[in-house]
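In what follows, a single structure is set out as structure tokens and then discussed.
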């Protein structure tokens, strides 16, 4: 299809030098707030204290069974497009409060049908999408991945219990999920992120969640994320068995070749980021990605003069 051809250009470029590429599929659910949006959806009606976005946005409407089935089919269709385009796999983004998370969490899912109530029911939508993808793409070389974030569930009343974490792990095995990406921990704190008590609590919860869910896995590989910057910490995670490998994100915006530099022994740590707040660091990463895409020099935010120049511009945005 034309969609597959368009994404094929992306896949070919990513794989040109030997890399693998997975496409990440996500739906924001009630978090969606694009300009001109006439309707937002949610898993179930949110309580008055729930996050319903900006007051200018339309209130979210709970999904009907038919809409849930249509969304399931849409995810499966998108995965097939990626496969036809030459992608090596697909990842379902079930973290950061997006739609899959809104189904999983008791804080946002108060449905009284087969998609709500028990934890098994709250997992149903995610598992149906996984099943649909496996049926539509039987090729065993096509990688199927899921991203989960323990910190979405840090509230005691809506958190994953050990039993629930193991249930998810077991179901991922049933549907032959190849890679589980665990995010939400803070293994290392960047210079702009102080190790506050809430971060310590999240880290502790994340460690326990990771141990519970990985204990039930026999074939699914686990990748661990969480502000990783030092080669020593990355090595410790793998050697301790907490992860099959580690995931890097924002540090690669500054140094796309960082994994090769670490593995060759040229460096032991990612470059420091001296931008003074996490929000501005995120904006800085966008600038770096744009520079990479335009084949321009990437700004070095470990250099204070570069940071000063960036902040002078960024404060007006």
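To keep it simple, each residue is scored yes or no on (1) farther than 14 Å from residue 82 by Cβ; (2) surrounded by fewer than 14 Cβ atoms within 10 Å (Cβ to Cβ); (3) modelled with pLDDT under 75.
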{"site": "8", "(1), (2), (3)": "no, no, no"}
{"site": "14", "(1), (2), (3)": "no, no, no"}
{"site": "37", "(1), (2), (3)": "yes, yes, yes"}
{"site": "49", "(1), (2), (3)": "yes, yes, yes"}
{"site": "63", "(1), (2), (3)": "yes, no, no"}
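Determine whether region 130-137 contains at least one residue that is at pLDDT 95 or above, in a strand (DSSP E or B) and out of contact with any strand residue (DSSP E or B) (no Cβ under 6 Å at 6 or more places or on another chain). Scanning region 130-137, I find no residue that is at pLDDT 95 or above, in a strand (DSSP E or B) and out of contact with any strand residue (DSSP E or B) (no Cβ under 6 Å at 6 or more places or on another chain), so the answer is no. Number of residues in region 263-285 that are in contact with a strand residue (DSSP E or B) (Cβ under 8 Å, 6 or more places away or on another chain) and not in a loop (DSSP other than H, G, I, E, B) equals 1.
In region 286-305, the condition of being within 16 Å of residue 227 (Cα to Cα) and assigned to a helix (DSSP H, G or I) is met by no residue. On the basis of being in contact with a strand residue (DSSP E or B) (Cβ under 8 Å, 6 or more places away or on another chain) and free of Cβ contacts under 8 Å to residues at least 60 places away in the same chain, does residue 260 make the cut? Spelling it out, it is not the case that residue 260 is in contact with a strand residue (DSSP E or B) (Cβ under 8 Å, 6 or more places away or on another chain) and free of Cβ contacts under 8 Å to residues at least 60 places away in the same chain. Taking into account only those residues within region 211-246 that are surrounded by fewer than 17 Cβ atoms within 10 Å (Cβ to Cβ) and in contact with a strand residue (DSSP E or B) (Cβ under 7 Å, 6 or more places away or on another chain), which is nearest to residue 166 (Cα to Cα)? That would be 221. Within region 103-120, being closer than 18 Å to residue 70 by Cα and part of a helix (DSSP H, G or I) holds for one residue alone: 103. Residue-level check: of (1) at pLDDT below 90; (2) assigned to a helix (DSSP H, G or I), residue 228 misses just (2). Considering only region 245-254, state which residues are without any contact (Cβ under 8 Å) to a residue 40 or more places away in the chain and not in a helix (DSSP H, G or I). 245, 246, 248, 249 - these are the residues of region 245-254 that are without any contact (Cβ under 8 Å) to a residue 40 or more places away in the chain and not in a helix (DSSP H, G or I). In this structure, does residue 168 turn out to be at pLDDT 95 or above and either surrounded by 14 or more Cβ atoms within 10 Å (Cβ to Cβ) or under 22 Å from residue 23 (Cα atoms) (or both)? No: the conditions fail for residue 168.
The residue list 87, 100 contains one member that is assigned to a helix (DSSP H, G or I) and crowded, with 22+ Cβ neighbours inside 10 Å, which is 100.
The values are calculated or read from the model by the stated rules, or taken from the named source; none is laboratory data. Computed from a predicted model, the values in this text were never measured in an experiment. Glycine gets a Cβ as well: all are built from the backbone with ideal geometry, and neighbour counts include every protein chain shown.
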